[in-house]
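Engineer: Submitted below is the structure of interest, expressed as structure tokens.
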Amino acid sequence: MKSVYFDSAATTRIRPEVIKTMQDVLEHQYGNPSSTHAFGRASKSIIETTRKTIAKELHASPQEIIFTSGGTEADNMILRCAVRDANVTTIITSPIEHHAVLHTVEELRNEYDVTVEYVKLQACGTPDYDDLERLLTANDERKLVSLMHVNNEVGNILDIDKVSSLCKANNALLHSDTVQSIGHYKWNVEETPIDFMTAAAHKFHGPKGVGFAYIKKNNTLKPLIFGGSQERGFRAGTEPVHNIKGLETAFVLAYENLDEEKHYVEALKDYFKTQITKAIPGVKFNGNCSDNTKSTYTLLNVCLPMSAEKALTLQFQLDLKGIACSKGSACQSGSGKGSHVLEHILSEEDQQKPSIRFSFCKYNTKDEVDYVVGVLKEFVEK
């Protein structure tokens with residue numbers, strides 16, 4: 001039996017170079033970065049070098065990069081602090097955001113009585129930009145727009161330039177969950193003004209448990225976690241130096257190899273689409289998955305033509321065949337609930353059919369695609 005990992009949108013395999021550099025830090029650079037002796041200074045230097053590396057790639061300032069435990073913490077921190085400290089009274093988001101955003105804004109509505117508006121969606125799941133403009137111009141309330149750059153379930157790419165322009169024209173703050181795009185797309189915060197971004201290292205072949213928030217300078221946000229003066233006083237807690245170094249290594253390698261790896265993975269996704277379309281008549285692709293200009297090259301969300309009863313055992317059968325994929329966001333896969341994203345964009349008929357998210361990386365091959373398509377074909381025809 002083969003072992004095929006097509007679930008990189010949930011988490012990626014760590015690059016060997018990342019493991020090596022993390023092991024070196026764990027063994028030799030174990031000083032507390034807040035200590036003033038040589039051991040502490042060496043650890044502090046790793047953190048600040050990583051901060052500068054990230055800032056340079058994003059065309060940001062080092063002081064705008066705050067290390068966190070990952071994307072969820074960064075999203076929570078930004079949204080909560082924007083309401084508490086930046087006089088935000090209205091949050092505009094979409095119903096298909098990651099739950100790190102959706103559940104947070106629901107809590108903020110209950111806790112601070114903020115108004116939460118949900119932008120209308122086009123049939124494919126892309127936000128209706130005309131409706132976004134309507135919401136932005138509806139009144140003079142202080143607004144924050146929170147829309148993810150790449151949807152983690154169907155891969156739709158937000159027109160971030162358009163959204164940035166709309167926010168700037170209406171004096172609104174802009175937050176984007178960029179967890180699925182950092183390390184996969186280039187960013188320039190000077191050319192595309194944005195107030196807040198989030199990232200998680202494990203989405204671009206780095207370690208779990210570390211990420212960062214980009215928080216534009218001259219903001220009025222105050223700390224969410226109190227204690228020591230780490231992260232320029234914005235986020236207390238002793239920094240995980242080995243994880244931060246692993247983040248830097250993964251980040252650098254992602255952008256050094258971006259063009260080559262993007263070309264390879266995009267070709268693999270196209271090959272998967274071609275092969276599954278030939279093998280299984282009636283297969284559909286959810287969201288904008290069939291258009292590489294509007295969907296990320298790393299992800300394909302497939303709706304299979306079979307009954308709901310038969311679909312109940314599909315993921316179990318795939319797992320028995322050694323195939324790792326996802327029926328939705330990995331963050332909710334253990335809950336037994338369906339995908340809130342697909343619920344908002346699929347017809348009632350297609351919601352009764354199984355939809356599977358396959359996500360790819362540099363370590364996948366065409367042979368693996370052929371194996372998976374063969375298993376799916378056999379199951380559908382059985």
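Engineer: Is it the case that the range 100-110 has a residue that's buried (at least 19 other Cβ atoms within 10 Å of the Cβ), outside any helix (DSSP H, G or I) and small (Gly, Ala, Ser)?
Structural biologist: no
Engineer: If I ask for residues that are surrounded by fewer than 21 Cβ atoms within 10 Å (Cβ to Cβ) and over 14 Å from PHE212 (Cα atoms), which ones from the range 69-80 would you list?
Structural biologist: ARG80
Engineer: When only residues in the range 226-251 that are touching a residue at least 24 places away in the same chain (Cβ under 8 Å) and of a type in the set (A, V, I, L, M) count, which is surrounded by the most Cβ atoms within 10 Å (Cβ to Cβ)? Break it down into steps so the answer makes sense when it comes.
Structural biologist: First, pick out the residues of the range 226-251 that are touching a residue at least 24 places away in the same chain (Cβ under 8 Å): 228-232, 234-235, 238-251.
From the residues that got through so far, the ones that are of a type in the set (A, V, I, L, M) too are 241, 244, 247, 250.
Details: VAL241: 23, ILE244: 26, LEU247: 29, ALA250: 26.
So, considering only residues that are touching a residue at least 24 places away in the same chain (Cβ under 8 Å) and of a type in the set (A, V, I, L, M), the one surrounded by the most Cβ atoms within 10 Å (Cβ to Cβ) is LEU247.
Engineer: Continuing with this model, one more query. Could you list all residues from the range 58-75 that are within 14 Å of the chain's Cα centre (by Cα) and closer than 27 Å to GLU141 by Cα?
Structural biologist: Result: THR72, GLU73, ALA74, ASP75.
Engineer: Do any residues in the range 195-222 that are part of a helix (DSSP H, G or I) have Cβ atoms under 7 Å from those of residues that are of a type in the set (A, V, I, L, M, F, W, C) and at pLDDT 95 or above, where the two are at least six apart or on different chains, and which pairs are they?
Structural biologist: Pairs that qualify, where the first residue is part of a helix (DSSP H, G or I) and the partner is of a type in the set (A, V, I, L, M, F, W, C) and at pLDDT 95 or above, are ALA201/VAL210; ALA201/LEU247; ALA201/ALA250; LYS203/VAL179.
Engineer: Can you list residue pairs whose Cβ atoms sit under 8 Å apart, with the first residue in the range 349-371 being basic (Lys, Arg) and assigned to a helix (DSSP H, G or I) and the second being at pLDDT 95 or above and surrounded by fewer than 19 Cβ atoms within 10 Å (Cβ to Cβ)? Count only pairs 6 or more apart in sequence or on different chains.
Structural biologist: Close Cβ pairs (under 8 Å, with a partner that is at pLDDT 95 or above and surrounded by fewer than 19 Cβ atoms within 10 Å (Cβ to Cβ)) amount to LYS366/TYR271.
Engineer: Within the range 260-301, count every residue that is under 23 Å from GLY183 (Cα atoms) and β-branched (Val, Ile, Thr).
Structural biologist: Summing the residues that are under 23 Å from GLY183 (Cα atoms) and β-branched (Val, Ile, Thr) in the range 260-301 gives 4.
Engineer: Follow-up question, since we're still on this one. Which of (1) hydroxyl-bearing (Ser, Thr, Tyr); (2) touching a His at 6+ places or on another chain (Cβ under 9 Å); (3) within 23 Å of THR178 (Cβ to Cβ) does THR21 not meet, given it meets every other one?
Structural biologist: For THR21, the failing item is (3).
Engineer: Within the range 196-219, how many residues are open to solvent by 30 Å² or more (accessible area, probe 1.4 Å), under 26 Å from LYS162 (Cβ atoms) and either among the charged types (D, E, K, R) or out of contact with any Phe, Trp or Tyr (no Cβ under 9 Å at 6 or more places or on another chain) (or both)?
Structural biologist: Our first condition is that a residue be open to solvent by 30 Å² or more (accessible area, probe 1.4 Å); within the range 196-219, this holds for 202, 208-209, 216-219.
After this cut, where a residue has to be under 26 Å from LYS162 (Cβ atoms) as well, the list is 216-219.
This time we only want the ones that are either among the charged types (D, E, K, R) or out of contact with any Phe, Trp or Tyr (no Cβ under 9 Å at 6 or more places or on another chain) (or both), so: 216-218.
Number satisfying all stated conditions: 3.
Engineer: When you look at TYR264, is it in a strand (DSSP E or B), within 21 Å of the chain's Cα centre (by Cα) and aromatic (Phe, Trp, Tyr), yes or no?
Structural biologist: Working: in a strand (DSSP E or B): no; within 21 Å of the chain's Cα centre (by Cα): yes; aromatic (Phe, Trp, Tyr): yes.
For TYR264, the condition - in a strand (DSSP E or B), within 21 Å of the chain's Cα centre (by Cα) and aromatic (Phe, Trp, Tyr) - is not met.
The values are calculated or read from the model by the stated rules, or taken from the named source; none is laboratory data. Just so it is clear, the model here is predicted, and its values are computed rather than measured. So basically every Cβ, Gly included, is an ideal-geometry build from the backbone, and we count neighbours across all protein chains shown. Ligands, DNA and RNA are excluded from the accessible area calculation, which covers all protein heavy atoms including side chains. Shrake-Rupley method; radii C 1.70, N 1.55, O 1.52, S 1.80 Å.
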